[in-house]
Amino acid sequence: MQSAPQLSLQSLVQGFTFSLEAEQKNPETVHYYRANLRRFLWYAKEHGWSDDPRDIDAWKLREFLAYAGGARNRWGTEGNGSENCRGPSKTGGWRYYRTLRAFFRWAVAEKVLAENPLSNIKVARPKEPLVQPY
């Protein structure tokens, strides 16, 4: 059996978004995944992670999800009112978890990765906000 060629993490992300576009997913969905994965790549680079996607493990992913869901002044920006500078969101970790889940499932299906490093990580789905009736 021939193994998959080695790809960088960045090229794997690009391949995932190309696949979404080829499957004619909603452009807003593609934009959502691309933006979340761009921030994931930023975090990986800032923390000196290897560019080899096979080096990403559950520990690193938990670290990233904790940052995405709980840090203030995320993504290397600071300022007044910036979308990226808001305080922690109750749904932040969940949004990135969903993105990474789709990404790593795709990478395993494409046989780029042998196993999904996110498979043993569970993130609680946020509760739907109660809507007060008039």
Can you name the residue in segment 89-134 that is more than 16 Å from residue 54 (Cβ to Cβ) and in contact with a Pro (Cβ under 7 Å, 6 or more places away or on another chain) and is also modelled with the lowest pLDDT among such residues? 90
Out of segment 43-58, which residues are closer than 18 Å to residue 115 by Cβ and charged (D, E, K, R)? 52, 54, 55, 57
In the set 46, 28, 63, which member is touching a His at 6+ places or on another chain (Cβ under 8 Å) and without any contact (Cβ under 8 Å) to a residue 40 or more places away in the chain? 63
Just to be sure before I move on: is residue 9 within 16 Å of the chain's Cα centre (by Cα), open to solvent by less than 90 Å² (accessible area, probe 1.4 Å) and at pLDDT 95 or above in the structure I sent? no
Please work out which residue is nearest to residue 107 (Cα to Cα), limiting yourself to segment 33-54 and to residues that are over 12 Å from the mean Cα position of the chain (by Cα) and open to solvent by less than 70 Å² (accessible area, probe 1.4 Å). 53
Picked from segment 67-88 (must be in contact with a helix residue (DSSP H, G or I) (Cβ under 7 Å, 6 or more places away or on another chain) and among the hydrophobic types (A, V, I, L, M, F, W, C)), the residue modelled with the highest pLDDT is 68
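The values are calculated or read from the model by the stated rules, or taken from the named source; none is laboratory data. Since we're looking at a predicted model, the values are computed, not measured. Don't worry about glycine lacking a Cβ; one is built from the backbone with ideal geometry, like all the others, and counts go over all protein chains shown. The accessibility values were calculated without ligands, DNA or RNA, using every heavy atom of the protein model including side chains. Shrake-Rupley method; radii C 1.70, N 1.55, O 1.52, S 1.80 Å.
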